[in-house]
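Q: Provided herewith is a single structure, encoded as structure tokens, for subsequent inquiry.
Readers should treat all values here as calculations from the given coordinates under stated rules, not as data from a laboratory. Since the model is a prediction, treat every value here as computed from it, not as a measurement. Here the Cβ positions follow ideal geometry from the backbone for every residue, glycine too, while neighbour counts run over all protein chains shown.
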Amino acid sequence: MKITTEATEGAAVIRFVGAADIAAVEAIRRAFNESVQAAGNRVVCDLSCMDFICSDALGVFISAHETAKDAGGYVRLLQPQDRIRDILATTQLNRLFDIYDSLDAALSA
């Protein structure tokens, strides 16, 4: 998995490319920890190029969401592929996370 982070006005954007499998969990955790602290607990996760997510990686997303929310921030999801949307719906995490179709919408909500 390739993970890149970009600072925007008001939030960090983390882009995930590839499979969020067990081998990627620690890298995902580090990216969240660094981004949450640097961006005032406001993070947008670009999932447009993520093609798989394992349960451990989902756990990292949930933990980051709770940490950011407790500090007055958020973790928002951007453009998940259909396969990822299905996983979010099956696990009912689409009720926990706000999901957006554009970066502008995610940043301005």
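Q: Go through segment 42-85 residue by residue and tally those that are assigned to a strand (DSSP E or B) and more than 14 Å from D101 (Cα to Cα).
A: Within segment 42-85, residues that are assigned to a strand (DSSP E or B) and more than 14 Å from D101 (Cα to Cα) number 8.
Q: Considering (1) over 18 Å from R15 (Cβ atoms); (2) surrounded by 14 or more Cβ atoms within 10 Å (Cβ to Cβ), say which one R76 fails and leave the rest.
A: Checking R76 against (1) over 18 Å from R15 (Cβ atoms); (2) surrounded by 14 or more Cβ atoms within 10 Å (Cβ to Cβ), the one that fails is (1).
Q: Turning to a different aspect of this structure: Answer yes if at least one residue in segment 19-27 is out of contact with any Gly (no Cβ under 8 Å at 6 or more places or on another chain), outside any helix (DSSP H, G or I) and surrounded by fewer than 20 Cβ atoms within 10 Å (Cβ to Cβ), and no otherwise.
A: yes
Q: Another question about this same structure. Does at least one position in segment 42-54 carry a residue that is more than 12 Å from M1 (Cβ to Cβ), surrounded by 14 or more Cβ atoms within 10 Å (Cβ to Cβ) and over 12 Å from the mean Cα position of the chain (by Cα)?
A: Checked segment 42-54: no residue is more than 12 Å from M1 (Cβ to Cβ), surrounded by 14 or more Cβ atoms within 10 Å (Cβ to Cβ) and over 12 Å from the mean Cα position of the chain (by Cα).
Q: Another question, then. Out of all the residues in segment 90-109, which are surrounded by fewer than 12 Cβ atoms within 10 Å (Cβ to Cβ) and part of a helix (DSSP H, G or I)?
A: T90, D104, S108 - these are the residues of segment 90-109 that are surrounded by fewer than 12 Cβ atoms within 10 Å (Cβ to Cβ) and part of a helix (DSSP H, G or I).
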